[in-house]
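A.B. asks: My questions all concern the structure below.
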Amino acid sequence: AKAVLDAALKEKPDNARVLFGLAEVTSKQASALDDSDRVEEALYAAIDLYKRAAQSASPESEKWLSQRSYVAAAKILDFIAETNPALAEKLTAEATIAYDLAIKIGKVEGGAYEEAEKAIKQRAQKK
């Protein structure tokens, strides 16, 4: 799947769906890695792809994709923050921004509004 997506990305570097697909594959591949440095590197690559997908998504027809991308990136940021205390504050702040961006899109079919809202509420309860 990654090879097909990489080829599609070369043809259309701003294709939000291809970027999202690559982000999904990249984040899943990270979980199969043994070296923690390589895992983190792959997760940061996935975050970057999700952000690019969110920014490239059509504001008319792909709001759901943008919203799902922000939430997926935020979840990865939260995961890295839990496993890397030195970066926790910075990454948690970045994740909150991503969740907020998802919420600002509003409720859209196929989106991740509820996930973002739940994550923000859980943060408020932890404080």
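A.B. asks: If you count only protein heavy atoms with a 1.4 Å probe, what accessible area per residue comes out for the chain, rounded to a whole Å²? Before the final figure, lay out each step's value.
C.D. replies: Numbers: 7710 Å² over 127 residues.
Dividing the accessible area of the chain by its residue count gives 61 Å².
A.B. asks: 5 Å is the cut-off here: which amide hydrogens, built 1.01 Å from N in the peptide plane, fall below it relative to A112, excluding neighbours closer than 5 in sequence?
C.D. replies: Those qualifying (amide H under 5 Å, at least 5 residues apart or on another chain) are R68.
A.B. asks: Using each residue's phi in the stretch 12-24, evaluate 6.51 cos²θ - 1.76 cosθ + 1.60 at θ = phi - 60° and report the 3J(HN,Hα) Karplus result to the nearest Hz, with x for Gly and Pro.
C.D. replies: With coefficients 6.51, -1.76 and 1.60, one gets 9, x, 10, 6, 4, 5, 5, 4, 4, x, 5, 4, 4 Hz.
A.B. asks: Continuing with this model, one more query. Would you work out the relative contact order for the chain, in percent, from Cα pairs under 8 angstrom that are 6 or more residues apart? Show your work: numbers first, answer last.
C.D. replies: Numbers: 158 pairs, mean separation 24.9, N = 127.
Computed value for the chain: 20 percent relative contact order.
A.B. asks: Once you have the alpha carbon radius of gyration of the stretch 1-44, what is it after dividing by 2.2 N^0.38 Å, with N set to its residue count? Write out the running numbers ahead of the final one.
C.D. replies: Details: Rg = 11.3 Å, N = 44, 2.2 N^0.38 = 9.3 Å.
Compactness ratio reported: 1.22.
A.B. asks: Once the Cα atoms of the stretch 1-74 are picked out, what are the Rg and Dmax in Å?
C.D. replies: According to the Cα coordinates of the stretch 1-74, Rg and Dmax are 12.2, 41 Å.
A.B. asks: Remind me, what semi-axes does the stretch 44-104 give for its equivalent ellipsoid, largest first in whole Å, using sqrt of 5 times each Cα gyration tensor eigenvalue? Spell out each step's value before the answer.
C.D. replies: On the way: eigenvalues 103, 23, 10 Å².
Ellipsoid semi-axes (Å, largest first): 23, 11, 7.
A.B. asks: Ok, one more. Please list, in order along the stretch 64-75, the HN-Hα scalar couplings obtained from phi with the Karplus expression 6.51 cos²θ - 1.76 cosθ + 1.60 (θ = phi - 60°), rounded to whole Hz, x for Gly and Pro.
C.D. replies: Couplings: 4, 5, 4, 5, 4, 5, 4, 5, 4, 4, 4, 4 Hz.
A.B. asks: Students often get this wrong: which residues of the stretch 64-86 have the backbone nitrogen under 19 Å from the point 7 angstrom along Cα-to-C-beta of S31?
C.D. replies: Correct set: 68-84.
A.B. asks: Moving on. Counting pairs of alpha carbon atoms under 8 Å apart in space and at least six apart in sequence, what relative contact order in percent does the stretch 49-113 give?
C.D. replies: That works out to 37 percent.
A.B. asks: Please list the radius of gyration and Dmax for the chain, considering alpha-carbon atoms only, with Å as the unit.
C.D. replies: For the chain, the Cα radius of gyration and maximum Cα-Cα distance read 14.6, 46 Å.
A.B. asks: Calculate the length of the line joining the C-alpha centroid of the stretch 1-30 to that of the stretch 56-102, in whole Å.
C.D. replies: After rounding, the separation between the Cα centres reads 18 Å.
A.B. asks: Could you give the size of the charge dipole of the chain about its Cα centre, using +1 on the Cβ of each K and R and -1 on the Cβ of each D and E, expressed in debye and rounded to the nearest 20?
C.D. replies: Working: 19 positive and 21 negative charges, 81 e Å.
Dipole about the Cα centre, nearest 20: 380 debye.
The values are calculated or read from the model by the stated rules, or taken from the named source; none is laboratory data. Because the structure is predicted, anything quoted here is derived from the model rather than measured. Methodologically, a virtual Cβ is constructed for each residue, glycine included, from the backbone with ideal geometry; neighbour enumeration extends over all protein chains shown. Surface areas here come from the heavy atoms of the whole protein model, side chains and all, with no ligands, DNA or RNA. Shrake-Rupley method; radii C 1.70, N 1.55, O 1.52, S 1.80 Å.
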